[in-house]
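Data block below; observations after.
The values are calculated or read from the model by the stated rules, or taken from the named source; none is laboratory data. Every value quoted in this text rests on a predicted model; they were computed, and no experiment measured them. Heads up, the Cβs are rebuilt from the backbone with ideal geometry, glycines too, and the neighbour counts pull from every protein chain shown. Remember, those area values only see protein heavy atoms, side chains included, never the ligands or the DNA or RNA. Shrake-Rupley method; radii C 1.70, N 1.55, O 1.52, S 1.80 Å.
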Amino acid sequence: MPIYTSLKKQDPDVYNALIGEMSRQTDGVELIASENYISPAVLEIMGSIFNNKYSEGYPGRRYYGGQQYTDAVENLAIERAKKLFNAGHVNVQPHAGAPANVAMYFALLNPGDTVMGMDLSHGGHLTHGSPVTYITKIFKFVTYKMKDVETGELDYELMRETALKERPKILLAGFSAYPRELNYARLKAIAEEVGAITVMDMAHIAGLIAGKQLRNPFDDGFDILTTTTHKTLRGPRGGMILCRDPEAGKRIDKSVFPGFQGGPIMQMIAAKAVAFGEALKPEFKDYARQIISNSKHLAKFFMDRKVKLITNGTDNHMMIIDCVKSWNIGGHEVEVVLDKVGITLNKNMLPDDPRKPADPSGVRIGTPAITTRGMKEAEMEKLGAYILGAIEKRNDEKALAGIHAEVIKFCRSFPIPGVVKE
Ligand code: DSN
């Protein structure tokens, strides 16, 4: 099927980069826990003429004319997201996860107010209070940690003490590198004691919640959920804010536009509608279930072979390996070695890591993307063996080349949606 013909003719440099990326994705194993492959339908609408339209405002109240179709797709995205997460109000306009969080802070806080979120090295996210972000110049952030890194249980007692002392306006749950389920009811109880709003940044596990495999924080009384739409939820790159109470949505909407963003990216909003339509189908539950099953299986494969995992396992789509304890090397070296055999993952800080972020003690592995390709438990064992084999033979370039050839062959049996051959 001829495709990208205009691009090929007009701009061979960009075209060649695209073809290179297609080969990289086809012939490599993607284990970055936040990545996924979108469906051909989502891909099609992302590359559509919805790009051409300016639509500042919200459906039914836009600043410019000509909005009958943009209103239709934005309403579809909103209604489908409401159904998926049992939300009272949804804003689908945030361009990504970080802008969603910033808009949420400005909607709920005054300058100087306090947020309590998870420590970055224990699994939190940059936007939850890392001093490198500008929001920490405006709001005060205090953190909580795991009580026990062997189980992953949070230190709820200390969190309560900190909350009573610091009186946060927002108690923020959520993470980008934490493999366990949270006790939302307990977090909510602490928040209620100090009058804090409860927010869950569910970006990593949105698809697992939508697929009914993990708890929906709304069921335990959480007020607001923020998320990206491109991780386990398997949609276009973008963000979203959901409120339990429709009234709270007014403040969120004002904060997203005009408070923080300008024109919404309509082709992405249309693509969110398509992806949420997919996530509402019964087979998405099977997908979410398989992600977790694959993750648990791979985690067990590693632990049976004396690989040290933070919290000794996983409840979700990811695991964090302690590379220093497992192999006496840093996370950067593991990332580089696995890149050589076509396996992509990311180095990751461990809780209170003594090493630097550029060469931390751990790596993070996730199963959403490989599960989309159709890989199951048997493939997790093959993958685990490739990973351990490459690390063992890390100083033997010939052995690494041999493993790389096997990985390419293995990958070609699991096509990627949206990748076309000329
Ligand atoms: N970059 C994302 C991740 O990999 O978890 C979070 O923003």
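Summary of values
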quantity: GNM top mover of SER23, SER361, SER55 - the chain, alpha-carbon springs below 10 Å; calculated: SER23
quantity: Sequence of GLU381, GLU44 from largest to smallest accessible area, 1.4 Å probe; calculated: GLU44, GLU381
quantity: Cα centroid separation, the stretch 169-197 to the stretch 1-27 (Å); calculated: 44
quantity: Global form of the stretch 288-422, assessed from the alpha-carbon gyration tensor, a/c cut-off 1.5; calculated: oblate
quantity: Listed residues ALA185, ALA275, ALA87, most fluctuating in the chain (Gaussian network, C-alpha, under 10 Å); calculated: ALA185
quantity: Between the stretch 49-74 and the stretch 335-363, the Cα center-to-center distance that results, in Å; calculated: 43
quantity: Residue-wise HN-Hα coupling along the stretch 345-354, computed from phi with Karplus coefficients 6.51, -1.76, 1.60 (Hz; x: Gly, Pro); calculated: 9, 10, 5, 8, 5, 9, x, 6, 4, x
quantity: Prolate/oblate/rounded call for the stretch 1-40, Cα gyration tensor, a/c under 1.5 rounded; calculated: prolate
quantity: Kirkwood-based Rg to Rh ratio, the stretch 52-146, C-alpha trace; calculated: 1.08
quantity: Size-normalised alpha-carbon gyration radius of the chain, reference 2.2 N^0.38 Å; calculated: 0.99
quantity: Under 5 Å, built H, 5+ apart or other chain: amide partners of GLY174; calculated: ASP201
quantity: Length released on extending from ASP113 to ASP286, taking residue separation times 0.36 nm less the Cα-Cα span; calculated: 58.1 nm
quantity: Gyration tensor verdict on the stretch 367-422 (Cα atoms; rounded if a/c is under 1.5, prolate if a/b is larger than b/c, oblate otherwise); calculated: oblate
quantity: Calculated FRET value between GLU392 and ASN86, using beta carbons and R₀ = 45 Å, to 0.05; calculated: 0.45
quantity: Cα-based radius of gyration of the stretch 69-119 once divided by 2.2 N^0.38 Å, which approximates compact folds; calculated: 1.43
quantity: Spacing of the two label points (7 Å from each Cα toward its C-beta) at LYS340 and ARG61, in nm; calculated: 6.0
quantity: The stretch 296-404: Lys pairs at Cα distance under 12 angstrom, eight or more positions apart or on different chains; calculated: 7
quantity: Accessible area (Å², per residue) of the stretch 201-312, counting only protein heavy atoms and a probe of 1.4 Å; calculated: 35
quantity: Most mobile of LYS188, LYS393, LYS82 in a GNM of the chain (Cα contacts under 10 Å); calculated: LYS393
quantity: Selection of GluC sites (Glu not before Pro), the stretch 121-204, meeting DSSP coil and at most 14 other Cβ within 10 Å; calculated: GLU150, GLU181
quantity: Within straight-line cross-link reach of LYS137, lysines at Cα separation under 23 Å, skipping those fewer than 8 residues along the same chain; calculated: LYS145, LYS165, LYS169, LYS254
quantity: Expected 222 nm ellipticity per residue - DSSP helices of 4 or more, -39500 (n - 2.57), all of the chain, to 500; calculated: -13000 deg cm²/dmol
quantity: Positive minus negative residues near GLU181 (Lys, Arg vs Asp, Glu; Cβ under 10 Å); calculated: +1
quantity: Carbon and sulfur %, accessible surface of the chain computed with the full protein complex present, 1.4 Å; calculated: 54
quantity: Helix runs (DSSP H) in the chain reaching 24 Å along axis by Cα, Kyte-Doolittle at least -1.0; calculated: 68-85, 282-304
quantity: Whole-number Å³ per residue for the convex hull built on Cα positions in the stretch 260-310; calculated: 125
quantity: Per residue, in Å², the accessible surface of the stretch 1-130 once ligands and nucleic acids are set aside, probe 1.4 Å; calculated: 48
quantity: Distribution of pairwise C-alpha distances over the stretch 109-260, 10 Å bins, in %; calculated: 11, 41, 40, 9, 0
quantity: Viscosity 0.890 mPa s, temperature 25 °C, Stokes-Einstein D of the stretch 249-363 from Kirkwood C-alpha radius, µm²/s; calculated: 141
